[in-house]
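Notes to accompany the following structure.
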Amino acid sequence: MAHDPRQSGRWHPAGGIPEALTRLDLGAASAPDRLRMAYVLPLRPDGDSGGAGLTGYLRELSRWVDVIVVDGSPPELFARHAAAWRGLVRHVPPDPALRGRNPTAVGVLTGVALAPHEHVVIAGDDVRYDLGGLRALHGLLDRVDLVRPQDHVDPLPWHAWWGAGGTLLHRAFGADRPGTLAVRRSTFLAMGGYDSDVPAENLELVRTVRAYGGATAAPAWLYVRRLPSAGARRPAYDELARPGWLLAALAVLPAAAAALAARRPGLLLRAGVATVAVAEVGRRRAGGARVFPAHTTLAAPLWLLERGVGAWLAVGRRLRGGRPAPHARQAAHSTRALRRRLAERRPDDLVLWVETGAAPAPAPADRLRR
């Protein structure tokens, strides 16, 4: 039987999230400094994240919440992390009983299963929460099942500046794609987690919660700092999971080519100015000018052009039989496919998670209908 969101006690009508959520004051939270929250940090096996900066952050973070680091590092590096973080966090390897080719998602599944509290923050090693942000998440999770904060990069090297242009465009048209999430543990376990094979794991988690009937919030005013990753920007293949954005990206190059063919370069200039103006709307939304410098709007046309090129390359690769990642047929499943999965699951389809009692494991990817 499909889940009825009205039975959860947190269902909201089609009008959306209650207005009270948008007025939540970061400084007005009444929770004590020690919050009844868990913080899950999955570490991938292909990088050393255990520097002094992360250790200092974990030391501060452990004063506020219970931290679980799910470390997929090789044995020698795992041992160094264990020595550095002893007494600060719960440091565990990924659960070997869990299947999944995306190590970040497997780390999330392991960490949420072990979380001692209902409210769980999920964040990578480049995320830097403060106490005010954690308090705000804590309050929001009393009302909804999943929260998508707005992250921003600081400091801002050139590649992060370039990506900020896309962030501002997403904010202008709704909500940016999340780099960190917060979720209710009971909802996460009741829906059986999420597919740990797809590369766009955050998008997959958001869609799975929605397919289950959970309420989500994307507070544009809740800003979380991220450190810049070395030269990293969001890949274009994730647009394959978002048809609307894919069509918009695919239209960029033909439109530019048509303007050039008609010998009207002024059209390109006006389009660039319009893109900057739209990005400025996103920058000013919900006080975003505090964290996004004015010059980041200039990156929006460059980001859009790059995304247009990347979208055509991604589609071409897909038509040739390629995949968004070596192990995945798609970047993320559609909400419709996830609804079918949740409606058709039977008790004998499920297995028990290690250390979670009767908490169900995610269905294998090959059982999902695409």
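The values are calculated or read from the model by the stated rules, or taken from the named source; none is laboratory data. Bear in mind the structure is a predicted one, so any value in this text is a computation, not a measurement. Backbone-built Cβ (ideal geometry, glycine too); neighbour counts: all protein chains shown. These area figures cover heavy atoms from the full protein model, side chains too; ligands, DNA and RNA do not enter into them. Shrake-Rupley method; radii C 1.70, N 1.55, O 1.52, S 1.80 Å.
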Residue 108 being touching a Pro at 6+ places or on another chain (Cβ under 9 Å), closer than 15 Å to residue 44 by Cα and β-branched (Val, Ile, Thr): yes
Where in segment 130-222 are there helices (runs of 4 or more DSSP H), lying fully within it, with 3 or more residues that are under 17 Å from residue 40 (Cα atoms)? 131-140, 185-190, 201-212
Pairs under 7 Å by beta carbon, first residue in contact (Cβ under 8 Å) with a residue 24 or more places away in the chain in segment 273-292, partner surrounded by 12 or more Cβ atoms within 10 Å (Cβ to Cβ) and part of a loop (DSSP other than H, G, I, E, B), six or more apart or different chains? 283/292; 285/220; 286/220; 286/221; 287/221
Where residues in segment 94-111 are touching a Ser or Thr at 6+ places or on another chain (Cβ under 9 Å) and more than 19 Å from residue 74 (Cβ to Cβ), which of them is surrounded by the most Cβ atoms within 10 Å (Cβ to Cβ)? 109
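Listed here are the residues, each with its yes/no results for (1) open to solvent by 40 Å² or more (accessible area, probe 1.4 Å); (2) closer than 27 Å to residue 72 by Cβ.
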residue	(1), (2)
136	no, no
150	no, no
159	no, yes
170	no, no
173	yes, no
178	no, yes
181	no, yes
184	no, yes
188	no, yes
Hey, can you tell me all the residues within segment 261-302 that are aliphatic (A, V, I, L, M), loosely packed, with under 12 Cβ neighbours inside 10 Å and part of a helix (DSSP H, G or I)? 261, 273, 294
In segment 223-244, the residues that are modelled with pLDDT of 70 or more and touching a helix residue (DSSP H, G or I) at 6+ places or on another chain (Cβ under 7 Å): 224, 228
